[in-house]
Each structure stands twice: as C-alpha cells, then as structure tokens.
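Novice: Before we start, here is the structure in question, set down as structure tokens.
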Amino acid sequence: MEKNLKFNFTCDDMDGFILIDASYQKIFDSDMLYALDILLDISGSSELIYDFPNENWKTVRLRETASIRNFCSSGKMILWFFGNTVKEGEIEYTDTLRNAYQWLYLPTGNLLAVSASEWIQCLSYPELEMEITFTLTVAAGWYAVAREYLPAANSAIEKIYYCKKEPTVSHFHNIS
C-alpha cells in the first residue's frame, strides 16, 4: 500500500480540488452537483446567476449550497478553491499531525483526488471518463489532513499531509 506520491494538478477558472472517498460518487445526484457548481462560483460571475434573477448572489449561494456545505462539514469531502492553477504536488503520510484543520472520513479507504469541475462534469455525464488527479488506497477510517505551500522558481508546489486518527471536533471546516 503506497502512502506517498507526487501528482500534477490543473484547475480551471472557478474550480477546486476535491479529496473524497471514491464510494461517495453514488451519493451525488443532480441537486448536489448543482450545489457544488454554485459553491465554486464565489462572485456570481458564471451563467448560473441567470437561474436566480433579481436575487443577491451571496444570499443565493448561501441558500443553494447548504447540502454540499453540510456534506463537507460532516467530513465526507474536502474542497480547496483554486482558479486557473497548474500545480505540482505531493501527498505524504505522517504518524503525527499537530495542525490538522480538516478531517476526512474514508469508509472504504479509496482516496480520490480530482478537480471539482471534472467531478461535476463526469458525474453529470457518466459516459465520460473522469480524469483523476490521483487515487490512494489507505486503511478505512478518519484522517487528519493539512496542506502547505512550498514556493519554487516556476510553480507553487502543494504538499498535503495526512494522518490516520480520530477527529477532535464534530464539525469540520473542510471548504477553503
């Protein structure tokens, strides 16, 4: 079982990076995917605004994304917002993790990393093949997750640390 790996990640405008157990794919119906799409549109600059004429986008976004925000805050998914980004990264297992601000529950131990736009597109159109950033097979259970940015000459390298342990809180801040 591999615990560390390097990856390359490309993110479109109004996009994000998702960490999730692969088994949760079947939970995402069209309403959850639509909520995720709205969540990614922080400023209300996409065509989605036309679905809510004469409404304040912040109010719409707060109301319409409750399901996906609750899903993330229960530890089932981590979403990091990125836009127009190309990253090189590495995920690394560690035995201890002091500053874990995010928690992820992996009931099957099949960790999947993918861009949010790819997730939405491929779950909306199952005939498409999902371009996965990486998969990692780990022991099922709870994981503390932290990330850091390591500046380099030509790109930002993201290092993700994860550690198997039980959460110390019951509500998680898994969207950032």
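None of the figures in this text is laboratory data; all of them are computed from the coordinates on show. Remember, it's a predicted structure, so these values are computed and weren't measured experimentally. Don't worry about glycine lacking a Cβ; one is built from the backbone with ideal geometry, like all the others, and counts go over all protein chains shown.
Novice: Report the normalised scattering of the range 76-176 as log10 I(q)/I(0) at q = 0.16, 0.17, 0.19 Å⁻¹, calculated by the Debye formula with identical scatterers on the alpha carbons.
Specialist: Rounded to two decimals, the profile gives -0.78, -0.88, -1.08.
Novice: Scan around SER46 for amide H atoms under 5 Å from its own, H built in the peptide plane at 1.01 Å from N, and keep only partners 5 or more places away or cross-chain.
Specialist: The answer is none.
Novice: Which whole-Hz couplings ³J(HN,Hα) result when phi for each residue of the range 111-118 is put into the Karplus expression 6.51 cos²θ - 1.76 cosθ + 1.60, θ = phi - 60°, listed in order with x for Gly and Pro?
Specialist: Karplus-based 3J(HN,Hα) across the range 111-118 equals 6, 10, 10, 7, 6, 4, 5, 5 Hz.
Novice: Further question: Check which residues have an amide H placed less than 5 Å from PHE82's amide H, if you skip close sequence neighbours.
Specialist: Amide H to amide H, under 5 Å and 5 or more residues apart or across chains, PHE82 pairs with ASP15, GLY16, PHE17.
Novice: For the chain, what is the relative contact order in percent, using Cα pairs closer than 8 Å and at least 6 residues apart in sequence?
Specialist: With pairs under 8 Å counted, the relative contact order is 33 percent.
Novice: While we're on this one: Provide the gained length on full extension for the span SER73 to GLU47, in nm with one decimal, where the gain is 0.36 nm per separating residue minus the Cα-Cα distance.
Specialist: Details: separation 26, 0.36 × 26 = 9.36 nm, distance 2.70 nm.
Once the chain is fully extended between SER73 and GLU47, it gains 6.7 nm.
Novice: Another question about this same structure. Quick check: convex hull of the Cα atoms in the range 8-106, volume per residue, rounded to a whole Å³?
Specialist: Dividing the Cα hull volume of the range 8-106 by its residues yields 122 Å³.
Novice: Moving on. Please state the equivalent ellipsoid semi-axes for the chain: what are the square roots of 5 times the Cα gyration tensor eigenvalues, largest first, in whole Å? Walk me through the numbers before you get to the answer.
Specialist: Details: eigenvalues 140, 68, 53 Å².
Semi-axes from the Cα gyration tensor: 26, 18, 16 Å.
Novice: What nm value, rounded to one decimal, do you get for the distance between ASN4 and ASN84 when each label is placed 7 Å out toward the C-beta?
Specialist: Reported label-point gap for ASN4 and ASN84 is 3.4 nm.
Novice: Taking each pair of different alpha-carbon atoms in the range 20-60 once, compute 1/r for the pair, average those values, and report the inverse of that mean as the Kirkwood hydrodynamic radius in Å to one decimal.
Specialist: With all distinct Cα pairs of the range 20-60 included, I get 11.5 Å.
Novice: Using the Karplus curve 6.51 cos²θ - 1.76 cosθ + 1.60 with θ = phi - 60°, work out ³J(HN,Hα) for each residue of the range 167-176 in order, rounded to whole Hz, and write x for Gly and Pro.
Specialist: Each residue's phi maps through the Karplus curve to give x, 9, 9, 10, 10, 10, 9, 9, 10, 8 Hz.
Novice: How much length, in nm to one decimal, is gained on full extension between LEU62 and THR108, taken as 0.36 nm per residue of separation minus their Cα-Cα distance?
Specialist: Here the segment from LEU62 to THR108 would lengthen by 13.5 nm.
Novice: When the C-alpha atoms of the range 48-91 are aligned to their principal axes, what extent does each axis show, in angstrom, from largest down?
Specialist: Between the extreme Cα coordinates on each principal axis of the range 48-91 lie 44, 28, 13 Å.
Novice: Still on this model: Any chance you could list the semi-axes, whole Å, largest first, of the equivalent ellipsoid that the Cα gyration tensor gives for the range 62-127, using √(5λ)?
Specialist: 22, 17, 14
Novice: Here's another thing I want to ask about it. Helix-only mean residue ellipticity at 222 nm, the chain, DSSP H runs n ≥ 4 weighted -39,500 (n - 2.57), per residue, nearest 500. What is it?
Specialist: -6000 deg cm²/dmol
Novice: Related question: Determine ³J(HN,Hα), in whole Hz, for all residues of the range 132-146 in sequence, where each value follows from phi through the Karplus function 6.51 cos²θ - 1.76 cosθ + 1.60 and θ = phi - 60°; x replaces Gly and Pro.
Specialist: Running phi through 6.51 cos²θ - 1.76 cosθ + 1.60 with θ = phi - 60° gives 7, 5, 6, 10, 8, 9, 10, 5, 4, x, 8, 9, 7, 10, 9 Hz.
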